[in-house]
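K.L.:
The structure follows.
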Amino acid sequence: MNAFCQTLLPAYTPKIDNNDIEPSPQIIISEREYSELKWEVGYWQSLHQRSIVREIKLKQTIKEKDGQIRDLKNRVFGKKSEKKSASKDTGKSKPDKSKRPRGQQPGSKGHGRTKRPDLPEQEEESNFLQDPICPNCNKPYVPDESKEAKIIEVEVKAYTRKIIRQCMKKDCLCKGVPNTITAPMPPKVIPKSPYGISIMEAVLLSKFHYCQPTNRLLNQYKELGLPISPGTIAGDLKKLKELFQPVYDALYNHQMTEDRFHNDESGWKVFETVEGKIGNRWWLWVSRSVSVVYFQIAPGRGANVPVEYFSNIQKKKIIVICDRYSAYKSLAKQLPFIILAFCWAHIRRDFLDAIRKYPDLEEWALPWVEKFGELYHINNLRCKEFVQKFPIQWQPASFKDQHKKLVEKMDEIAKERDAFIASHNPDDLDSDLLSNVKYKILTSLKNHWEGLSIFVEHPEVPMDNNKGERSIRNPVTGRKNFYGSGSLWSSQLAAIMFSIFQSMALWKINCKHWLRSYLTACAKNNGKAPEDLSTFLPWAMDGDRRQRLIKPVPDSS
């Protein structure tokens, strides 16, 4: 006989004021049924709790996806600027007073016309077709002092140099000597090529200095009456590569004697099948020192590339300014003499990217960006007072004052960063997506703090890697215009010419003038690189020659 549970479960009874209605009878259930109901209550409560957690996670996922969509839209369609958009203020009335117009303001003192002392002048006369006369008395005008006017022109033309080679015949009966002799040909860079130095110079400058496709230059030449086959140009460029290899090697050897580098890398296409290499995506690496900008194109983006590059360094300690890419961290582990100085511009970008992805973080992120701006300002004031030849303890008082402010600002940033990290646990269920984004950014700031602090004790080290990124900008423009290199040898030529032109620009040398001088020297050496490169290396040449190469190519007419 089953025992009945003594617990009585009252049935639901609505509250009604009518006293004539009797209450519902009580329901008596068994103990087994009661246990089943209790179990079901716990089961449905656990399901409800799980659904709440799942809903929180889904909401955070949606918010994260929305942030990614905003970020991708901004990258593709957004303005390439960090200035705030004016779209939020479209509903507000614009002030009556307009903003200050761009450019030079009316009434301000100008700088005058730009002087161009290196341009040659070609005189022309502008005369009346008929002698002018007075319209009233018909008397002729008499000559007066002439007036000068200047018009700047650039004339590009193609022409053929017709070489009339003198021939001589002997007027004797001597044996063992030729009967006739002919004057030698003028020197050429490529002996069997019909094209002179100016053609090779224009192709190299157009492609590797001005970053224009070669086909664009050939179309221009065709309109000037000079059609040239692209295959012919490619064959000549392959021969020119060997001429510039010694200069490229000299750039590397000199850079290995320096102690401060800016490194960066970017994608590059090489459209040639290479054994062991899948795909055509290669990588363009740049290493900029004080006097050399050196490029190399490698099949990968791993740490083996910079490790091999820095393996021949001659200094006991060097500083590499770079971003937070893992290959550089591996580089510092494999080569202990390398100190990494991380880029503050990338840290600042973390906060700005967070604002673009999650607009609700603007009030939190912008104060951090302002702190970094103050840090830059203090460091700039400090660097103005820095004397390069003295250590920090021997610097003037003006430097030490700014140095103290800089250290205090760094401590302030570190304390605020650590306070947030200590008060936040990203594993908590109550921790929302935005808090986790803050935690991730500040944790990265803490993890890279040692490399971000290098500039404090080394004022000669800049806070960012802008120099490295500016150096690689020109080749990246070329990559977008002519899609990389069609073969392995052409990629090597690209790295060589990028290195030479960027290094010459670093010394403010006119690349066209340098290239003309070097190709002329190669032509005089029977199409080979000159034996003595000292007159073509900026750090080895004398000051007078460097000053001549800074100016444009002198007029030969």
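K.L.:
Tally the residues that are in contact with a Leu (Cβ under 7 Å, 6 or more places away or on another chain) and in contact (Cβ under 8 Å) with a residue 40 or more places away in the chain, restricting the search to segment 376-389.
P.N.:
Adding up the residues that qualify gives 2.
K.L.:
For segment 445-546, which helices (runs of 4 or more DSSP H) that fit wholly inside it have 1 or more residues that are basic (Lys, Arg) and either surrounded by fewer than 18 Cβ atoms within 10 Å (Cβ to Cβ) or within 18 Å of the chain's Cα centre (by Cα) (or both)?
P.N.:
Values: elements: 449-452, 454-457, 466-482, 488-506, 511-524.
Here the list reads 466-482, 511-524.
K.L.:
Could you tell me which residue of segment 185-213 is surrounded by the most Cβ atoms within 10 Å (Cβ to Cβ), considering only residues that are of a type outside the set (Ser, Thr, Tyr) and without any contact (Cβ under 8 Å) to a residue 12 or more places away in the chain?
P.N.:
Here the answer is 194.
K.L.:
Follow-up question, since we're still on this one. For segment 426-433, does any single residue satisfy the condition of being surrounded by 12 or more Cβ atoms within 10 Å (Cβ to Cβ), part of a loop (DSSP other than H, G, I, E, B), hydroxyl-bearing (Ser, Thr, Tyr) and in contact (Cβ under 8 Å) with a residue 60 or more places away in the chain?
P.N.:
no
K.L.:
Right, here's the next one. Checking residue 278 against (1) farther than 24 Å from residue 344 by Cα; (2) at pLDDT 95 or above; (3) out of contact with any helix residue (DSSP H, G or I) (no Cβ under 7 Å at 6 or more places or on another chain), which test does it fail?
P.N.:
The failed condition is (2).
K.L.:
Every residue in segment 138-180 that is surrounded by 10 or more Cβ atoms within 10 Å (Cβ to Cβ), among the aliphatic types (A, V, I, L, M) and more than 30 Å from residue 119 (Cβ to Cβ), please.
P.N.:
168
K.L.:
Got a number for residues in segment 288-316 being surrounded by 19 or more Cβ atoms within 10 Å (Cβ to Cβ) and charged (D, E, K, R)?
P.N.:
Total meeting the criteria: 1.
K.L.:
I need the full set of residues from segment 201-213 which are of a type outside the set (Gly, Ala, Ser), assigned to a helix (DSSP H, G or I) and within 23 Å of the chain's Cα centre (by Cα), in order please.
P.N.:
Hits for segment 201-213 are 204, 205, 207, 208.
K.L.:
Taking helices (runs of 4 or more DSSP H) that do not extend beyond segment 311-406, which have at least 2 residues that are β-branched (Val, Ile, Thr)?
P.N.:
The qualifying helices (runs of 4 or more DSSP H) are 344-357, 362-384.
K.L.:
Just one of (1) of a type in the set (Gly, Ala, Ser); (2) surrounded by fewer than 19 Cβ atoms within 10 Å (Cβ to Cβ); (3) under 17 Å from the mean Cα position of the chain (by Cα) trips up residue 373, so point out which.
P.N.:
Unmet for residue 373, out of (1) of a type in the set (Gly, Ala, Ser); (2) surrounded by fewer than 19 Cβ atoms within 10 Å (Cβ to Cβ); (3) under 17 Å from the mean Cα position of the chain (by Cα): (3).
The values are calculated or read from the model by the stated rules, or taken from the named source; none is laboratory data. Computed from a predicted structure; not experimentally measured. For neighbour counting, all protein chains shown are included, and Cβ atoms are generated from backbone atoms with ideal geometry for every residue, glycine included.
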